[in-house]
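Working notes for the structure below.
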Amino acid sequence: MREHGFFSKTNRVGWVSTVGLILLTIVAAIVAFVWLPSAQADFRAQGLWDSICRAAGVPSKWIAGTERGQDAPTVSTNVVLLPAMAKPASSASVGRGATLALNCTMCHGALGMSRSDAPNLAGQYPEVIKKQMLDYQSGKRQSSIMAALAMSLTEENIADLAAYYASLPKARTAPTTYDEALPALVRVGDPMRNIAPCISCHGGVDQKLGAPWLEGMPKPYLVQQLEDFKHGRRKNDGQQQMRNVARPMTDEEIDSVATFYARKALPGHE
Ligand code: HEC
Ligand code: HEC
């Protein structure tokens, strides 16, 4: 009697190759989804789905919606910038802020114009002061001096201080414009190195919410901040906006943009 069905002689070849195919698929899946991804230095997959997306080449930042840049999984700041944070405050708030600011004058100057190399606060955008103070509080921006001071303030105190400093005249009122000689990085950036022009975020063409007023800042402060962003010592900038700008910059470029932004110091405050 001739054999029929799956185990028949004629089918044996097909059967062996089917099992072989299944085994091959399993081995390939293990290699692709488990072994290869885990051999990658930055492997931080959160399960099989993550591994599959990764193996398929999906950029890691799409996978979990969390920031997974160089400093991930640490979040760079806890502060969510809202347009309301930039709104002008009441005069009562400014008054309370002026009283609180007596604790700040020693370093930031009587009217927010520093005579040491601390940053000027006069005319600084309110949302910038709020964000930076909250980042000092949470330790996302590190400074032993400022952390101790920020710790003793409530969120309302901070809002009042921001209102007060925002009400003071800026180091110089005119923002950067295209009408003057500008360093190339300020004017056009460097597309080849992915550096966006400073003027597109820091005022001049546009001020991005949360980007500080830089005009007239002490030069050593500007150099220090750019070096800190460049080397990842300061990393409280959301989406690494400033680290990406500063990382490719040379020391000479940092010096030249810092000289440029510091140039607008008021007489006697250079
Ligand atoms: C003992 C000196 C000192 C005192 C007092 C002081 N600061 Fe500061 N502040 C500094 C220094 C130095 C920095 C820059 C630190 C850094 O590199 O992050 C700074 C940074 C800041 C910044 C960030 C500014 C920017 O442009 O990013 C804010 C905002 C600020 N201080 C607000 C205050 C307020 C408000 C007070 C008073 C409650 C105060 N500071 C008191 C020394 C001081
Ligand atoms: C994509 C927008 C963007 C561009 C382009 C940009 N910046 Fe910034 N910059 C920011 C933001 C936002 C912050 C505040 C980061 C934070 O939240 O701490 C900042 C912070 C800074 C600070 C720290 C100031 C302070 O008081 O804390 C300096 C200095 C600075 N930028 C200089 C520059 C220079 C110079 C360039 C051009 C070479 C530049 N930035 C280009 C967005 C930008």
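Using a 1.4 angstrom probe on the protein heavy atoms only, could you order 215, 156, 180 from most to least accessible area? Don't jump to the answer; show the numbers that get you there.
Numbers: 215 5, 156 110, 180 50 Å².
Result, largest first: 156, 180, 215.
Would you please calculate the Kirkwood hydrodynamic radius of the range 75-168 over all C-alpha pairs and express it in Å, rounded to one decimal?
13.2
Counting only residues 5 or more places away or on other chains, whose amide H sits under 5 Å from the amide H of residue 213 once H atoms are built in the peptide plane?
Those lying under 5 Å, H to H, from residue 213 are 125.
Quick check: with the 1.4 Å probe, what order do 16, 94, 186 take by accessible area, largest first?
16, 94, 186
Please report the accessible area of residue 13 (heavy atoms, 1.4 Å probe, ligands and nucleic acids excluded) in Å², nearest 10.
Counting only protein heavy atoms, the figure is 110 Å².
Counting only residues 5 or more places away or on other chains, whose amide H sits under 5 Å from the amide H of residue 207 once H atoms are built in the peptide plane?
Sorted by chain and number, the residues that satisfy this come to none at all.
Tell me, what is the 1.4 Å probe accessible area of residue 170, in Å² to the nearest 10?
60
If Rh is defined by the Kirkwood formula over all Cα pairs and Rg also comes from Cα, what ratio Rg/Rh do you get for the range 144-270?
For the range 144-270, the value is 0.97.
Under 13 Å from the Cβ of residue 86, count the other residues' Cβ atoms, weight Lys and Arg +1, Asp and Glu -1, and hand me the total.
Neighbourhood net charge equals +3.
How much net charge surrounds residue 186 when only the other residues with a Cβ under 12 Å from the Cβ of residue 186 are counted, with Lys and Arg +1 and Asp and Glu -1?
With Lys, Arg at +1 and Asp, Glu at -1, the net is -2.
Please report, in cubic angstrom per residue, the volume enclosed by the convex hull of the alpha-carbon atoms of the range 195-266. Let's see the in-between values first.
Details: hull volume 6.0 nm³, N = 72.
About 84 Å³ per residue, rounded to a whole number.
How large is the accessible surface of residue 228 in square angstrom, using a 1.4 angstrom probe and rounding to the nearest 10?
Around 20 Å² of this residue is reachable by solvent.
Mind listing the long-range amide H neighbours of residue 195? Cut-off is under 5 Å, sequence gap 5 or more, other chains count too, H placed in the peptide plane at 1.01 Å from N.
Sorted by chain and number, the residues that satisfy this are 190.
The values are calculated or read from the model by the stated rules, or taken from the named source; none is laboratory data. Model, not experiment: these values are computed from the prediction. So basically every Cβ, Gly included, is an ideal-geometry build from the backbone, and we count neighbours across all protein chains shown. When the accessible area is computed, the model is the full protein with side chains, heavy atoms only, and any ligands, DNA or RNA have been set aside. Shrake-Rupley method; radii C 1.70, N 1.55, O 1.52, S 1.80 Å.
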